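Beneath this line is the structure, given in structure tokens, with notes to follow.
The values are calculated or read from the model by the stated rules, or taken from the named source; none is laboratory data. Since this is a predicted model, take the numbers as computed values, not measurements. All Cβ positions, glycine included, derive from the backbone under ideal geometry; neighbour counts span all protein chains shown. We work out accessible area using only protein heavy atoms, side chains counted, and drop any ligands, DNA or RNA first. Shrake-Rupley method; radii C 1.70, N 1.55, O 1.52, S 1.80 Å.
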Amino acid sequence: MKKEAIAHPNIAVIKYWGKRDVRLNLPAVSSLSLTLSQFHTHTIVEWGSLRDHFVLNNEEMQDKQAQKVFSFLDRIDPNRPYCKVISDNNFPTAAGLASSASAFAALALAGSAASGQNRSLDEISILARQGSGSACRSLWGGWVEWKKGERSDGLDSHGVQIATKSHWDLRLIVAVVSDKKKLISSTKGMLQTANTSPMYDAWVQTAQEDVNTGRRAILNKDLDALGEAMEHSTLKMYSTMFTTKPAIRYWKPQSIAIMQEVERLRKSEISCWFTMDAGPNVKILCHTKDAEQVAESIGKHTSIVHILEAGGDAVIL
Ligand code: PMV
């Protein structure tokens with residue numbers, strides 16, 4: 001059988017960092033995210049082929065990435081036949097967004113359908129989580145909470161939509177500082193943090209408070225409250241990275257200049273707030289009416305700035 005699906009990337013407003021189970025990719029903390037429109041991954045899975053193929057953006061892949069895709073298909077069905085996976089991102093690597101969230105959400109959706117399985121969206125989110133943690137949030141549009149769950153089998157750790165894309169008229173501005181592959185993968189970074197940072201326990205113990213504040217702010221459409229919680233969660237996550245041995249520093253001087261620009265804009269009464277992930281690019285949340293002005297100010301520090309809207313659910317085509 002052949003099935004195709006589309007999923008969008010998401011950006012965490014309250015961050016996920018740290019795993020309570022590495023094999024099942026279970027998070028130490030819950031997180032909240034915004035799914036983005038404009039960018040997506042489109043994936044076709046053909047269940048039954050002469051050998052395993054993975055074609056990404058028109059190029060046959062034979063590296064670790066291909067191995068990760070084939071092992072992921074084994075999770076869908078350990079007795080599967082050889083499969084062909086054709087995947088395209090409509091956004092350049094230089095877009096400054098990790099593509100693994102949309103990639104594994106689209107692969108989980110298309111792969112399950114192509115294998116003839118009838119999984120619920122929650123079950124597909126659980127599957128996507130095992131490819132890349134943040135992918136479990138990309139099954140739904142708008143605002144999504146990933147509950148860390150309590151069970152050791154991870155069956156209660158998946159995305160839950162808390163508001164649709166039309167709930168709130170905001171924009172997420174992505175300031176691309178570097179499009180180079182990150183120096184240290186998020187999985188490696190998370191393990192190093194848990195093993196060596198004295199800040200890690202405090203991060204885990206205080207994360208739920210940020211999720212609760214963030215959820216309330218989203219439901220009340222209170223950008224100042226969400227922004228404050230988002231920056232706090234981001235900087236707290238970084239404080240655990242900075243204090244590992246050896247230290248993990250994803251920031252570049254330009255990232256700091258952009259954060260300072262965001263603070264300057266706030267002093268001039270524009271509500272805008274930053275977050276960052278496992279890399280030097282900065283993402284800024286603001287009201288739609290202010291987006292052009294914020295993008296222009298950020299454009300003083302970098303030439304690639306995208307203005308993105310909230311996106312919709314992942315879908316089977
Ligand atoms: O989904 P992963 O394993 O690439 O980890 C994502 C980690 C952060 O982007 C830093 C935070 C998040 O919640 O997306």
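Of the numbered criteria (1) buried (at least 23 other Cβ atoms within 10 Å of the Cβ); (2) hydroxyl-bearing (Ser, Thr, Tyr); (3) more than 16 Å from the ligand (Cβ to nearest atom), the one Tyr82 fails is (1). For segment 120-132, state whether one or more residues are polar (S, T, N, Q), in contact with a His (Cβ under 6 Å, 6 or more places away or on another chain) and at pLDDT 95 or above. The answer is yes, given that some residue of segment 120-132 is polar (S, T, N, Q), in contact with a His (Cβ under 6 Å, 6 or more places away or on another chain) and at pLDDT 95 or above. Summed over segment 147-158, residues that are within 16 Å of the ligand (Cβ to nearest atom) and either without any contact (Cβ under 8 Å) to a residue 60 or more places away in the chain or surrounded by fewer than 24 Cβ atoms within 10 Å (Cβ to Cβ) (or both) total 5. Only a single criterion out of (1) in contact (Cβ under 8 Å) with a residue 24 or more places away in the chain; (2) open to solvent by 40 Å² or more (accessible area, probe 1.4 Å); (3) outside any helix (DSSP H, G or I) is not satisfied by Gln208, namely (3). Residue check, Asn89 against (1) within 16 Å of the ligand (Cβ to nearest atom); (2) farther than 15 Å from Ser134 by Cα; (3) open to solvent by 60 Å² or more (accessible area, probe 1.4 Å), all met but one. Which one? The single condition Asn89 does not satisfy is (3). Against the numbered list (1) assigned to a loop (DSSP other than H, G, I, E, B); (2) β-branched (Val, Ile, Thr); (3) within 20 Å of the chain's Cα centre (by Cα), Ile307 comes up short only at (1). What residue, among those in segment 173-200 that are within 15 Å of the ligand (Cβ to nearest atom) and part of a loop (DSSP other than H, G, I, E, B), is farthest from Gln293 (Cα to Cα)? So the residue we want is Ser197. Scanning segment 218-230 for residues that are closer than 18 Å to Tyr16 by Cα and away from the ligand (no atom under 14 Å from the Cβ) gives Ile218, Leu226, Gly227, Glu228.
Checking each residue in segment 102-146 for being small (Gly, Ala, Ser), in a helix (DSSP H, G or I), within 16 Å of the ligand (Cβ to nearest atom) and open to solvent by 10 Å² or more (accessible area, probe 1.4 Å) picks out Ala103, Ser134.
State whether the residues of segment 243-252 include one that is open to solvent by 60 Å² or more (accessible area, probe 1.4 Å) and part of a helix (DSSP H, G or I). No, segment 243-252 contains no residue that is open to solvent by 60 Å² or more (accessible area, probe 1.4 Å) and part of a helix (DSSP H, G or I).
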